[in-house]
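Quick notes on the structure that follows.
The values are calculated or read from the model by the stated rules, or taken from the named source; none is laboratory data. Here the structure is a predicted model, which is why all the values come from computation and not from measurement. Note that we place each Cβ from the backbone using ideal geometry, even for glycine, and neighbour counts take in every protein chain shown. Note: areas computed on protein heavy atoms with side chains; ligands, DNA, RNA excluded. Shrake-Rupley method; radii C 1.70, N 1.55, O 1.52, S 1.80 Å.
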Amino acid sequence: MADVHLKSVRKSYGSVLALSEINIQIPSGDFFTLLGPSGCGKTTLLRAIAGFHAHDSGEIVVNGTDIGRLPAHKRNVGMVFQDYAVFPHVSVRDNVSFGLKERKVPKAEITRRVDEILDKVQLRPFAERMPHALSGGQQQRVGLARALVVQPTLLLMDEPLSNLDAKLRVDLRRELRSVQQSMNMTTVYVTHDQEEALAMSDTVCVMYGGVIQQAAAPWEIYHRPANRFVAAFVGSNNFLPIVDGTVAGVTVPLPADVPAKGAELALRPENLAIVTGTVPDGMVGLPATVDQVAFTGREISVALHLSDGQEVQAICEPDEALLSLPHGSAAQLCFDPAKAQVFEADVTGRRLA
Amino acid sequence: MTLPRLSLPSFWTWIMVAACVMLAVLLFWPILSVFVISFEDGDTGQFTLENYVQIFTRRYYLTALGNTLIVGFAGMLGACLLGVPLAFCMSRFQVRGRSIISTMAVLALVSPPFIGAYAWIMLLGNNGAITNALEAIGIDMPSIYGMRGIILVFALKFFPFIYLMTENALNGINKSLEDAAENLGCTAWGRFRKVTLPLVFPAVSTGAIISFVLSIADFGTPAIIGRGVRTLSTIAYSQYTSEMGGKPTMAVTISMVMIAISMLALLIQRRVLAKRRYASSMTHKQVKAPVSGGKSVLVHGVTYAIALAGMIPAFVVIWTSFIATNGPVFSGGFGLDSYRRIWSEAPDAIANSFIFALCAVALIAVVSSLLSFIVVRRESFISGALDLILMVPYLVPGVVMAIGFVTTFNSGWYNLVGTATMIVLIVFIRRLPYGVRSTSSVLRQVKPSIEEAAIALGSSPAKTFLKVTVPLIMPGIIVGSLMSFITAINELSSTLIVYTSSTVTMPVKIYLSVVDGEFGVAAALSTVLTVSTGLCVFLVFRLSEDREANFV
Ligand SMILES: Nc1ncnc2c1ncn2[C@@H]1O[C@H](COP(=O)(O)OP(=O)(O)OP(=O)(O)O)[C@@H](O)[C@H]1O
Ligand SMILES: [Mg+2]
């Protein structure tokens with residue numbers, strides 16, 4: 001249990017700036033997820049916290065002390081690796097007890113604590129096995145147990161589930177989260193799977209180009225993205241340019257401070273409705289042409305283009321009438337202006353409304 | 001601003017510093033002192049270019065230089081002529097008993113060349129078995145001594161390098177490429193010449209350069225079978241013994257020329273290879289064609305003939321060692337006289353050989369595992385440089401290394417002349433690259449995250465290395481140790497320069513016995529060497545997956 005405070009952490013590889021001015025505050029017991037596209041610096045940040053490489057400047061404050069210049073083995077930070085990194089030459093039990101032996105814990109207590117944690121990750125029956133006789137999911141549980149058993153101040157995980165198949169990933173995700181909650185362990189978790197991030201975290205921190213875009217609760221991230229990048233990366237979004245208060249030639253009610261040029265209207269696909277008759281009250285309708293309608297079971301996804309040629313994706317409730325719309329038919333794309341958001345047109349453009 | 005500290009500070013930094021100091025003292029200092037002395041006047045110690053002028057003007061030296069280049073090139077060519085066809089047959093046809101052939105090739109490779117030289121004398125020398133047999137039916141054999149013998153020995157000794165490397169490359173060629181050439185209307189020969197050969201050229205040339213460098217560095221072969229034909233390594237040795245007491249200026253100047261030739265050869269090869277780097281994607285594996293009838297006889301005849309030719313020396317020495325002797329004379333019939341004689345006359349040579357080799361190997365095992373960690377895991381200028389520096393011992397002939405040590409560690413508290421320590425250190429530094437290469441290739445396959453996991457659990461870098469890294473790279477350490485043991489116990493050229501009566505080793509004793517005409521003793525000792533070497537090869541085969549690759 002520990003609160004973590006990163007103060008202006010910077011790191012570059014030669015001329016490549018991998019992290020610029022990282023400032024984060026992680027309260028004790030938080031499940032904090034770093035989410036971002038490949039190459040945005042997630043691993044770099046995690047490894048700087050673990051001490052596997054030195055950052056150029058800034059402080060890594062854990063429980064009030066800067067651990068940023070301590071060698072990695074003195075930081076008491078637990079780490080779970082993407083490739084499991086289970087010691088292949090010793091048994092599961094010896095893997096898990098490795099850190100306890102390092103800390104000179106008495107033998108009897110080692111046995112007790114190892115048994116306890118193996119129970120928690122449901123590996124007790126496999127204690128005497130060698131790692132090569134375990135499945136990927138079981139190996140990753142060994143990795144988790146090994147990191148947790150020493151009661152680190154902070155747990156770091158770098159895409160721990162990404163080498164597992166989809167079903168196991170969801171199962172282990174739940175398990176991980178419940179173990180973390182039961183131990184109330186401050187955790188920094190790296191993933192580029194947004195669903196995973198939203199499902200598990202107390203706080204999601206979206207990174208891009210070595211810069212933190214937004215750190216907030218999952219609901220907040222999804223519904224009130226701080227900028228255009230977050231809006232585009234988390235969930236999906238249609239961005240339509242706003243020209244003089246109109247979108248595709250239709251006047252849209254907008255807040256007063258939206259500029260005449262250089263802003264975009266963001267519409268989540270699930271907030272769009274498609275009607276062939278009149279536009280419902282309080283909604284704005286954009287004339288569109290249907291390109292493709294695809295039924296995926298839970299929902300229907302519709303591809304359309306507006307009168308000015310822009311392509312738009314919509315996701316609707318399953319509806320047989322909608323599914324039978326022929327290619328090329330005219331429709332109205334409707335949305336509730338209260339649910340629409342406005343961003344500056346830049347990749348990381350500010351949210352205006 | 002605080003300077004960024006590395007993640008594994010003190011321990012590996014110390015090891016890195018220690019490694020640099022060690023290489024500076026054991027590798028660069030001796031080479032540097034050889035270099036410096038080559039510019040000194042033998043009597044006055046003044047700076048002079050006279051030594052080099054002499055080498056490039058006097059007949060004696062020029063002949064030796066010429067001879068060295070001739071035997072180097074001819075040996076290399078002979079090795080190619082044997083190795084490439086063998087590789088081609090083995091990779092493209094279903095040859096029966098493949099593992100027998102490759103085992104024989106490896107055995108031929110690891111047995112020391114001077115045993116080859118002396119075995120061929122036993123067969124084709126003035127009083128050789130074949131010479132006498134042919135004489136009995138009235139055929140006069142041309143003499144085996146001289147250039148012809150040296151080239152024969154080198155070709156038969158070094159063809160396995162070329163064979164093993166070329167076979168590997170041939171197996172790696174995407175079959176679709178050859179199929180495509182055939183589809184485009186190429187004949188079988190055209191296909192081989194225009195597609196296959198260019199693709200394996202890098203491998204062939206690498207093997208050829210190794211053969212060349214080893215040929216020109218070899219001392220035992222020209223010394224034993226060369227008779228009047230002197231090469232740079234034999235004259236370096238005789239200059240050194242005649243300059244004993246004074247400054248060995250001419251010996252070291254010759255040494256510098258030898259190093260220069262090796263480096264030049266390597267540079268040329270690098271230049272050639274730089275222009276021919278082929279990306280290859282393996283989608284279509286080679287298949288080995290079945291052979292039958294006359295083709296089968298031809299293929300099997302060629303492969304077995306080549307492989308057996310490489311093994312002849314081993315057969316001859318083992319056979320000879322069991323022939324009864326009376327003093328230096330073979331008295332016909334079989335007996336264990338030769339073994340009795342080495343047991344009474346040369347027990348210390350046998351003991352020394354094993355002790356020195358084992359000490360050197362123990363050092364190599366420890367140092368090479370530390371060094372390979374630096375080379376593989378630490379990304380820094382020094383670790384990159386280390387990788388390159390470890391090529392140097394390959395390039396410095398044994399005679400040169402020994403002269404360097406004698407001229408360096410010869411006074412004060414670091415006087416090692418005549419000690420066993422010096423022999424061990426020379427062998428250590430000369431064979432260190434084998435150990436590093438084998439350990440680092442295993443270490444490259446260990447994921448760094450496994451070590452990081454240990455560090456994150458609170459294990460210090462040194463402890464992590466001992467408890468996690470070392471167990472995981474143990475196979476590499478063992479194979480590397482066996483490889484260095486093989487080369488260490490067979491070391492002749494450097495030991496011959498620095499040995500004293502109390503530090504005689506088996507190869508030295510064999511050499512001296514051959515020179516004295518004590519062929520029985522030489523055969524028995526060679527058998528002991530050959531059997532211990534064979535045992536190590538067997539162990540390497542047992543312990544390692546990619547068996548032959550360890551030897552090239
Ligand atoms: N050792 C290195 N040397 C130079 N550049 C590096 C090094 N490691 C990472 N980088 C660069 O730093 C940036 C951040 O890399 P990092 O590994 O942190 O990304 P990531 O967010 O973890 O990506 P992924 O999701 O693909 O794992 C990338 O642009 C990468 O190319
Ligand atoms: Mg990463």
**Fill in**
The answer for A:Gly36, listing residues at least 5 apart or on another chain whose modeled amide H is closer than 5 Å to its amide H, is A:Thr191, A:Met207
**Message:** Given a 1.4 angstrom probe, I'd like the percentage of the accessible area of segment A:168-268 that is carbon and sulfur, rounded to a whole number.
**Reply:** 54 percent
**Asked** With labels modelled as points extended 7 Å from the Cα through the Cβ direction, what inter-label distance (nm, one decimal) is found for B:Ser411 paired with B:Asn326?
**Response** 5.5 nm
**Asked** Which percent of the accessible heavy-atom area of segment B:332-434 goes to carbon and sulfur, probe 1.4 angstrom?
**Response** 69 percent
**Fill in**
The aspartates and glutamates whose Cα lies under 12 Å from the Cα of B:Lys509, excluding any fewer than 8 residues away in the same chain, are B:Glu345, B:Asp348, B:Glu491, B:Glu518
**Message:** At a cut-off of 30 Å², which residues of segment A:77-100 become less accessible once all protein chains are present than in their chain alone, using a 1.4 Å probe?
**Reply:** A:Phe81, A:Asp83, A:Ala85, A:Phe87, A:Pro88, A:His89, A:Phe98
**Asked** How many partner chain Cβ atoms sit within 10 Å of a residue's Cβ in peptide B:461-469, on average, as a whole number?
**Response** 2
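What full-extension length gain, to one decimal in nm, is calculated for B:Tyr52 and B:Asp140 as 0.36 nm per residue of separation minus the Cα-Cα distance?
On the way: separation 88, 0.36 × 88 = 31.68 nm, distance 4.30 nm.
Stretched fully, the B:Tyr52-B:Asp140 segment lengthens by 27.4 nm.
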**Request:** Treat every Asp and Glu Cβ in segment A:243-312 as -1 and every Lys and Arg Cβ as +1, leave all other atoms uncharged, and give the resulting dipole magnitude about the Cα centre to the nearest 20 debye.
**Result:** 100 debye
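Within the accessible area of segment A:290-353, what % is carbon and sulfur when the probe is 1.4 Å and the other protein chains stay in place? Display every interim value, and only then the final one.
Working: 1710 of 3570 Å².
Ligands and nucleic acids excluded, carbon and sulfur reach 48 percent.
What dipole magnitude, in Debye to the nearest 20, does chain B give about its Cα centre under +1 on Lys/Arg Cβ and -1 on Asp/Glu Cβ? Each step should come with its number before you reach the end.
Working: 37 positive and 25 negative charges, 340 e Å.
Approximately 1640 debye in magnitude.
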**Request:** Have a look at A:Phe81, A:Phe32, A:Phe343 and tell me which one the Gaussian network model of chain A (Cα, springs below 10 Å) gives the largest fluctuation.
**Result:** A:Phe81
**Prompt:** Whose amide H sits under 5 Å from the amide H of A:Ser307, counting only residues 5 or more places off or on another chain, with H placed in the peptide plane?
**Reply:** none
**Those lysines that a straight Cα-Cα span of less than 28 Å connects to A:Lys261, excepting residues fewer than 8 apart in one chain** = A:Lys339
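Mind checking the per residue accessible area of chain B for me, 1.4 Å probe, whole number of Å²? Provide the component values of the computation, followed by the final result.
Details: 23930 Å² over 552 residues.
Solvent-accessible surface per residue comes out at 43 Å².
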**For segment B:88-150 and segment B:382-424, distance of Cα centres in Å** = 34 Å
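For the pairing of chain A with chain B, what total accessible surface becomes buried, with a 1.4 angstrom probe, in square angstrom to the nearest 100?
On the way: alone 16350 and 25100 Å², together 39160 Å².
Interface area, both chains combined: 2300 Å², rounded to the nearest 100.
What is segment B:95-171 by shape, rounded, prolate or oblate, if you read a ≥ b ≥ c off the alpha carbon gyration tensor as root eigenvalues and call it rounded for a/c under 1.5, prolate for a/b larger than b/c, and oblate otherwise?
Working: a/c = 2.76, a/b = 2.12, b/c = 1.30.
Prolate.
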**Complete:** Taking 0.36 nm per residue of separation between A:Lys101 and A:Ile315 and subtracting their Cα-Cα distance, the length gained on full extension comes to 71.5 nm
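Given a cut-off of under 8 Å on Cα pairs at least six residues apart, what relative contact order in percent is computed for chain B? Provide the component values of the computation, followed by the final result.
Details: 780 pairs, mean separation 113.0, N = 552.
Relative contact order for chain B comes out at 20 percent.
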**Message:** If each DSSP helix of 4+ residues adds -39,500 (n - 2.57) and the sum is divided by the residues in chain A, what number results at 222 nm, nearest 500 deg cm²/dmol?
**Reply:** -7500 deg cm²/dmol
**Message:** Between A:Asp165, A:Asp193, A:Asp257, where does the largest GNM mean-square fluctuation fall for chain A, given springs only between Cα atoms within less than 10 Å?
**Reply:** A:Asp257
**Message:** Once you order the gyration tensor axes a ≥ b ≥ c over the Cα atoms, which shape class does segment B:53-147 get: rounded for a/c under 1.5, otherwise prolate or oblate by comparing a/b with b/c?
**Reply:** oblate
**Asked** Taking only protein heavy atoms and a 1.4 Å probe, what accessible area per residue, in Å², does segment A:101-212 have with all protein chains in place?
**Response** 43 Å²
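How much FRET efficiency would the formula 1/(1 + (r/R0)^6) give for A:Asp202 and B:Lys285, where r is the Cβ-Cβ distance and R0 is 60 Å, rounded to 0.05?
On the way: r = 52 Å, r/R0 = 0.87.
In this case the efficiency is close to 0.70.
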**Prompt:** In the Gaussian network model of chain A, springs joining C-alpha atoms below 10 Å, which of A:Asn237, A:Asn95, A:Asn163 carries the largest mean-square fluctuation?
**Reply:** A:Asn163
**Asked** ³J(HN,Hα) across segment B:357-372 via Karplus (A = 6.51, B = -1.76, C = 1.60, θ = phi - 60°), whole Hz, x for Gly/Pro?
**Response** 5, 5, 4, 4, 5, 4, 4, 4, 4, 5, 5, 5, 6, 5, 5, 5
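Could you give the accessible area per residue of segment A:277-328, probe 1.4 Å, as a whole number in Å²?
Dividing the accessible area of segment A:277-328 by its residue count gives 60 Å².
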**Prompt:** FRET efficiency for A:His223 and A:Ser329, Cβ-Cβ distance as r, R0 = 35 Å, nearest 0.05?
**Reply:** 0.60
**Request:** Compute the long axis of helix A:136-148 from its Cα atoms, compare it with the longest principal axis of the Cα atoms of chain A, and write down the angle in degrees, 0 to 90, nearest 10.
**Result:** 60 degrees
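Using a Förster distance of 41 angstrom, determine the FRET efficiency expected from the C-beta separation of A:Gln292 and B:Asn174, and round it to 0.05. Let's see the in-between values first.
Working: r = 41 Å, r/R0 = 1.01.
After rounding, the FRET efficiency stands at 0.50.
Please sort B:94-102, B:411-419, A:69-77, A:204-212 by packing, taking for each peptide the average over its residues of neighbouring beta carbons within 10 angstrom, highest first.
The peptides rank, most packed first, as A:204-212, A:69-77, B:94-102, B:411-419.
Taking 0.36 nm per residue of sequence separation and subtracting the Cα-Cα distance, how much length would be gained by fully extending the chain between B:Lys447 and B:Asn132, in nm to one decimal?
Details: separation 315, 0.36 × 315 = 113.40 nm, distance 6.19 nm.
Answer, rounded to one decimal: 107.2 nm.
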**Request:** Based on the mean of other Cβ atoms within 10 Å per residue, sort peptides B:391-400, B:250-259 so the most packed one is first.
**Result:** B:250-259, B:391-400
**Request:** Convert each backbone phi in segment B:96-103 into a coupling constant with the Karplus relation 6.51 cos²θ - 1.76 cosθ + 1.60 (shift: θ = phi - 60°), then list the ³J(HN,Hα) values in order as whole Hz, x for Gly and Pro.
**Result:** 6, x, 4, 5, 5, 5, 5, 5
**Shape category assigned to segment A:119-184 from the gyration tensor of Cα positions, a/c cut at 1.5** = oblate
**Asked** How big is the accessible area of A:Asp56 in square angstrom, nearest 10, if you roll a 1.4 angstrom probe over the protein chains?
**Response** 40 Å²
**Prompt:** What angle do you read, to the nearest 10 degrees and between 0 and 90, between the alpha-carbon axis of helix A:166-183 and the longest principal axis of chain A?
**Reply:** 60 degrees
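Report relative contact order for segment B:247-381 in percent, whole number only (criteria: Cα-Cα under 8 Å, sequence separation at least 6). Before the final figure, lay out the partial values.
Details: 33 pairs, mean separation 11.4, N = 135.
Here the relative contact order equals 8 percent.
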**Request:** Before anything else, pin down the relative contact order of chain A: Cα pairs under 8 Å, at least 6 apart, normalised by residue count, whole percent.
**Result:** 16 percent
